[in-house]
Structures are given as structure tokens and as C-alpha cells.
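Peer 1: If you scroll down you'll find the structure; I have some questions about it.
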Amino acid sequence: MRTKVTTTTLLKMKKKGIKITALTAYDYPFAKIIDKAGVDMILVGDSLGMIIQGKKTTLPVTMDEIIYHTSIVSRACEYSMVIGDMPFMSYHGSKDQAVINAGRFLKEANASAVKLEGGADVYDIINKISKAGIPVQAHIGLTPQSIHQMGGFKVQRDEERLINDALNVEKAGAFSVVLEGIPSLIASKITKKLSIPTIGIGAGVDCDGQILVLHDMLGFNNNKVPKFVKKFTDLNNIINQGLEKYINEVKTEIFPSKEYEYK
Ligand code: KIV
């Protein structure tokens, strides 16, 4: 049995300059493969809404839906640290409600931490949740839950604001911060300024670690993907080849052949 990654492991990795690997997952079979491969962190992201539920944004995802998916992912993980993503409006109503919702990820879904979007504006929320003993990963830069405020999925370039956000989330008690859709140079400066690990997505190579949406990096997504996504394989193609073969073999009675029959 391998030792599970914890917030302490991640801090040590940053100190030693060992890069942290992270991916999203939403189900048992993929989580099992990712965990076995040795990816350090699995985020059950609210990208669930777009990747799994076929919605246009992440906004409609509910607490119950993400708790359900997080509990499935947690069941598959021995090594990877599992982080549950707090959905839109699950932490803005009141700080007490935010703590109760964050607690559900640990109590009901066996996650080790939660992630939430925002910088200096969510200082008090991060502080309250982490003081309740729940590790919080912050998420700054391009924050998809604010898509309407940002006017779309746009790269964020306000250096002063980004640095201020990063310093604030660290001060509030976050154990790590996701830097999404920001120029590499700014991400590099932030990474040097913080003692907590930065996890980049579209933020360049100098972050302490990298995260990608699983279906994007596997080429298992028919939709347009952002510039920062590298397709490490082409699952769509592999699956299509298998499906074509299946259809052909059923139609031509090649399948099922004798070896797949009961006597
Ligand atoms: O929801 C998500 O998958 C995320 C990652 C892309 C960081 O927030």
C-alpha cells in the first residue's frame, strides 16, 4: 500500500523542487488508473458540468452532484490526494454555509481537501474553512465560475491584482493555489513569492505543479479545447476504431464467434 499524498507531502515537494502532477477525474475507472499511475493529486472539478454533463458552463453543478462524484473518485484512490471542487454559490452565501458545504466533502465523500475560486475577495471564507480543519486549495486568475463577470474564458493579465490575490490566499490559510490562464512570467513571480505550491493550468512551466482536465489531455473531448491543452493521446480516435470494428463484426456475424459462446 502506497502512502497517500497529503498537504505536507506537497509542501515538501515544493521545497525540494519536485514537480507536482494533478489531473481531474469524475469516476471510478479513470480515478483508479490515475491513482495507479502515481499522479499526486486528483481534483473532482466542477468542470464536471461541461465535461461529463454536457453543459455550457460550470455554473449549474450542484453540491449533491459533486459530492456524489467525489465519493466515487475517493473510493478508487490509495495514493492520490483527492480534492473536491466547491460549486458556484456553495461558498458565497455565508461563511457558515461555506464551512458546512466544505465539510461535506470530507465527511460524505472522503476527500482530503476542497478547492474554491477567488483571491483577496474570498480571504475570510478560506480562513474560516481552513480554521475548521479543512485544507483549502485556492484558484486565481481565470476563474470559470466568474465567466459572466470576466466576459468569457479570458487570460487574466493584471499582475498587481494577481500577486495580491496569491499573497492573500496564502495568508488566509490555503495550502496550495491553482493559477489558471495567466501569463507565464506572472505565474513564475507568484511561485517564487509563495511558500505554498502553485499548480498551473495555462500558467507556464515555472509553477510547482501542473493540472489539466483529464478528458482534454486524453483527447477524449469533442469540444474545442484551450490553447494550453496538450493532447497526450487520442482516445476519441481509439474508441471510434473499436466502435467501428464492433458494428462491422456484429453486422457481418464475425462476433460473437465460437470462443464467446456457451456450450
Ligand atoms: O473544475 C476544474 O476542473 C478546475 C481545474 C481545471 C483547475 O477547476
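Peer 1: Using a Gaussian network for the chain with springs between C-alpha atoms less than 10 Å apart, which of these wobbles most: G141, G54, G118?
Peer 2: G54
Peer 1: Also: Looking at the range 152-251, which trypsin sites (Lys or Arg not before Pro) are in a loop (DSSP not H, G, I, E or B) and have at most 11 other Cβ atoms within 10 Å? Numbers along the way, then the final one.
Peer 2: Values: sites: K154, R157, R161, K171, K189, K192, K193, K224, K227, K230, K231, K245, K251; in loops: K154, R157, K224, K227, K230, K231.
For trypsin sites (Lys or Arg not before Pro) across the range 152-251 that sit outside H, G, I, E and B with at most 11 neighbouring Cβ atoms in 10 Å, the list reads K154, K224, K227, K230.
Peer 1: Then there is this: Could you list E117, E261 in order of exposure, starting from the residue whose Cβ has the fewest other Cβ atoms within 10 Å?
Peer 2: Fewest-to-most Cβ neighbours within 10 Å comes out as E261, E117.
Peer 1: Among H215, H92, H139, H148, what is the fewest-to-most ranking by other Cβ atoms within 10 Å? Present the calculation step by step, with values, prior to reporting the outcome.
Peer 2: Numbers: H215 24, H92 16, H139 29, H148 9.
Ordered from fewest to most neighbouring Cβ atoms within 10 Å, H215, H92, H139, H148 come out as H148, H92, H215, H139.
Since every read-out is calculated from the coordinates, none of them should be taken as a lab result. Just so we're clear, the structure is a prediction, and the values are computed from it rather than from any experiment. FYI the Cβ positions are ideal-geometry reconstructions off the backbone, even for glycines, and counts take in every protein chain you see.
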